[in-house]
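First comes the structure, then the notes that go with it.
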Amino acid sequence: MPRKADVKNKTMKSPETMSSLVWRRFRRHPGAMAGAIILAILILSVLLAGLSPFDPEISDIKNRFQPPSGNHLFGTDGLGRDVLVRILYGGRVSLSVGFLVVGISLAIGVPIGSAAGYFGGWVDNVLSKVIDATMSLPALMFMILLSAILREIDAPFLKSNSTLTISLVLGVLSWPTAARLVRAIFFTFREMEYVTAAKALGASNLRIIISEILPNGLGPIIVESTLGIGYAIMEESTLSFLGFGIMPPTPSWGNMLDKAQEHLSQYPWLAIFPGLMIFLAIISINFIGDGMRDALDPYKILAQIDE
Amino acid sequence: MTQDKAENQNGELVVVKDLVKYFPVRGGVLRKIVNWVQAVDGISFSIRKGETLGLVGESGCGKSTTGRTILHLLDPTSGTVVFNDQNVFELQRQEMKVLRRDMQIIFQDPYASLNPRRPIGESIKAGLNIHQVGTPTERTEMVLDILHKVGLEDYHYHRYPHEFSGGQRQRIGIARAIALKPKFIVCDEPVSALDVSIQSQVLNLLQDLQDEFGLTYLFIAHNLSVVEHISDRVAVMYLGKIIELASRDDLYSNPLHPYTKALMSAIPIPKPSLRRTRTILKGEVPSPLDPPSGCRFHPRCPIATEQCSVEEPEFVEVMKDHYVACLGVGPQNVRI
């Protein structure tokens, strides 16, 4: 009986658990911590946007094109709406689109890329053709087509030009990048001897894919995903610009930026603030991705244990 | 069939028959198969329960392929492997999974064979998880037991592979292989990558474990001294064929095949004053893409005759338990 207690003590008290080590490493990465703090502030303020006295959609023609002031911190736009409030509400849309698109493209791309890279042979042939075919679609035309179709269909969850619809359209087109990356990762790692060892132990293909190979590809996948969030925010703005994305009066960073183009020389704050937000969000997410990749690297964890 | 049965009563755990493994070589724009690497080309032997069968040969002669095909980690081109009365290549997926508990492998490069992202305790536990042995707590306890058996400590459980020395890593590889309490282990050059000072420790560990668990080993190596140390019987491979198989003492004191003789004469003797005639083989090992006709050894063989390039020698028992494949060494010209 005392044996059992021993087991717990001896192994569990060991240096530190994996997750706490990773967290400790992450905290030491200054860029990543700065990114995490900025992103946290962004998300928090976006969620608290409702506390503002201004409404993002009701126009106030008397106060149009006000420069930044104590009353309107970021000024007002052509319809007299407070830019700060619109940015906060737009952030809800843009950030959700960013994360949703990456979520969707990983959900499609990782399984397809894994299967192609792991099994190779005809499976890879077929899946690679699908990947190439999707990549060769003229993205813009296809996005417009898809959102036009989705607008016609009266699906309960896919209201026309809603955040979810836009994300779906973008996600369906962006997964091949993820799939290609994951496929390449599997090509590299499937010949590793520890994969053979797992086979010898009787591990199923699914177990090998999920618990032997995927963790080794985590670094590149995380970096690619953080870049993907940035792309998605930009793509959404393109769609909005063409009238197929988030439609005014609902704000998104993308459509605010596009609207601002008309008055860029006279009222630059209309462009500067949404642009700054996009920049801040993307760069903080990229830094977070950097820090996560380093924190998850077992070779670097060693240094931490030795300290 | 009756012979098979009789053999099994002899206590044979693994019976390999006419095993062939070719790898396709693809070339050209269309990636068509242009040639075959004849890695293993029709070999037959058996391994008795509890023994260690050494398998020696030069790099690229098909030793590792043999080991991996026996474990069905590679699909054979043809031939059969009977393990514990079951034909390994005819089993359904689920049956194969069950069988894998009984046959394991230890790799040459212990670093490459451990997942760098996983603490070694978890790597050792993987097999127990896959086969759902006991409760999770019991599994952890089993892993700790095994860690002790291979000479490691509790606190190593959560460490990563790169934090260990080569010898320790090989101990981890061994721990993973014995975690499921297998009957048979293919040791694929387990000490070739280790320092000489560590080799004997690992070899002794393997022998201790064999005694404790009644393990049967197929011990693949190219170092003849290592094989002599650990094996009961030894098979010599050359270009995908087994050319001689005998008990260790027989083979080392009385090698019959000219290739074996050449190998034996190449073992260094730790005594500078002692000189012996060395048989130096001419030429290189031919490519397994296009092996020589007849006896595969004939272009390099000191006693080859014209017939050797035409006729392929059979693998025959020239003395009790001593098999040779050489036209120059028939039963008629063996002097005892």
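The values are calculated or read from the model by the stated rules, or taken from the named source; none is laboratory data. Computed from a predicted structure; not experimentally measured. Glycine also receives a Cβ, built like all others from the backbone with ideal geometry; neighbour counts cover every protein chain displayed.
Here are the numbers for the structure shown:
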quantity: Residue in region A:253-266 that is more than 23 Å from the chain's Cα centre (by Cα) and within 14 Å of another protein chain (Cβ to nearest Cβ) present; calculated: no
quantity: Failed item in (1) at pLDDT 85 or above; (2) loosely packed, with under 11 Cβ neighbours inside 10 Å, with B:Leu274 passing the rest; calculated: (1)
quantity: A:Ile166 being more than 30 Å from B:Thr65 (Cβ to Cβ), surrounded by 22 or more Cβ atoms within 10 Å (Cβ to Cβ) and more than 14 Å from chain B (Cβ to nearest Cβ); calculated: yes
quantity: Residue in region B:293-300 that is under 19 Å from B:Gly60 (Cα atoms), in contact (Cβ under 8 Å) with a residue 12 or more places away in the chain and in contact with a His (Cβ under 9 Å, 6 or more places away or on another chain) present; calculated: yes
quantity: When residues of region B:131-162 are limited to those that are closer than 23 Å to B:Lys97 by Cβ and in contact with a Phe, Trp or Tyr (Cβ under 9 Å, 6 or more places away or on another chain), the one nearest to the other protein chains (Cβ to nearest Cβ); calculated: B:Thr140
quantity: Subset of region A:214-246 that is within 14 Å of chain B (Cβ to nearest Cβ) and of a type in the set (A, V, I, L, M) - its residue that is farthest from A:Ala32 (Cα to Cα); calculated: A:Leu214
quantity: Looking only at region A:201-213, and only at residues there that are under 16 Å from B:Glu122 (Cα atoms) and touching a Phe, Trp or Tyr at 6+ places or on another chain (Cβ under 9 Å), the one that is nearest to the other protein chains (Cβ to nearest Cβ); calculated: A:Glu212
quantity: Residue satisfying condition, being among the aliphatic types (A, V, I, L, M) and away from chain A (no Cβ under 13 Å), within set B:Val98, B:Val56, B:Val88; calculated: B:Val56
quantity: Residue, surrounded by the fewest Cβ atoms within 10 Å (Cβ to Cβ), within region A:195-254, restricted to residues that are closer than 26 Å to A:Phe287 by Cβ and aromatic (Phe, Trp, Tyr); calculated: A:Tyr231
quantity: Matching residues, region B:210-234, being crowded, with 20+ Cβ neighbours inside 10 Å and out of contact with any Asp or Glu (no Cβ under 7 Å at 6 or more places or on another chain); calculated: B:Leu215, B:Tyr217, B:Leu218, B:Phe219, B:Leu224, B:Val226, B:Val227, B:Ile230, B:Ser231, B:Val234
quantity: Residue in region B:89-122 that is modelled with the lowest pLDDT, counting only those that are assigned to a loop (DSSP other than H, G, I, E, B) and of a type in the set (D, E, K, R); calculated: B:Arg117
quantity: Cross-chain or 6+ apart pairs with Cβ under 9 Å, region A:74-101 first and within 30 Å of A:Ser174 (Cα to Cα), then hydrophobic (A, V, I, L, M, F, W, C) and not in a helix (DSSP H, G or I); calculated: A:Arg86/A:Phe54; A:Arg86/A:Phe74; A:Ile87/A:Phe74; A:Leu88/A:Leu48; A:Gly90/A:Ile246; A:Val93/A:Ile246; A:Ser94/A:Ile246; A:Val97/A:Ile246
quantity: Residue selected from region A:233-278 under the condition of a type in the set (S, T, N, Q) and part of a helix (DSSP H, G or I), by the criterion farthest from A:His72 (Cα to Cα); calculated: A:Thr238
quantity: Some residue of region B:213-228 being in contact with a Leu (Cβ under 9 Å, 6 or more places away or on another chain) and of a type in the set (Gly, Ala, Ser); calculated: yes
quantity: A:Ile288, sole failed condition from (1) within 26 Å of A:Ser20 (Cα to Cα); (2) within 11 Å of chain B (Cβ to nearest Cβ); (3) touching a helix residue (DSSP H, G or I) at 6+ places or on another chain (Cβ under 9 Å); calculated: (2)
quantity: In region B:108-130, the residues that are within 7 Å of chain A (Cβ to nearest Cβ) and more than 27 Å from B:Val98 (Cβ to Cβ); calculated: B:Asp109, B:Ala112, B:Pro116, B:Arg117
quantity: Matching entry among B:Val14, B:Val25, B:Val29, B:Val56 (being at pLDDT 85 or above, surrounded by fewer than 20 Cβ atoms within 10 Å (Cβ to Cβ) and among the β-branched types (Val, Ile, Thr)); calculated: B:Val25
quantity: When residues of region A:22-60 are limited to those that are of a type in the set (Phe, Trp, Tyr) and surrounded by 15 or more Cβ atoms within 10 Å (Cβ to Cβ), the one farthest from A:Ile283 (Cα to Cα); calculated: A:Phe54
quantity: Single condition B:Ile243 does not satisfy, out of (1) surrounded by fewer than 23 Cβ atoms within 10 Å (Cβ to Cβ); (2) at pLDDT 90 or above; calculated: (1)
quantity: Failed item, numbered, when B:Cys61 is tested on (1) surrounded by fewer than 22 Cβ atoms within 10 Å (Cβ to Cβ); (2) out of contact with any Pro (no Cβ under 6 Å at 6 or more places or on another chain); (3) at pLDDT below 90; calculated: (1)
quantity: Conditions (1) part of a helix (DSSP H, G or I); (2) out of contact with any Leu (no Cβ under 6 Å at 6 or more places or on another chain); (3) under 29 Å from B:Ile47 (Cα atoms): number failed by B:Thr140; calculated: (3)
quantity: Test result for B:Leu73, crowded, with 20+ Cβ neighbours inside 10 Å, under 19 Å from B:Leu180 (Cβ atoms) and within 14 Å of chain A (Cβ to nearest Cβ); calculated: no
quantity: Single match in B:Ser265, B:Ser247, B:Ser197, B:Ser231 (criterion: over 18 Å from B:Arg68 (Cα atoms), polar (S, T, N, Q) and without any contact (Cβ under 8 Å) to a residue 12 or more places away in the chain); calculated: B:Ser197
quantity: The one condition in (1) at pLDDT 90 or above; (2) facing chain A (nearest Cβ under 9 Å) that B:Arg169 fails to fulfil; calculated: (2)
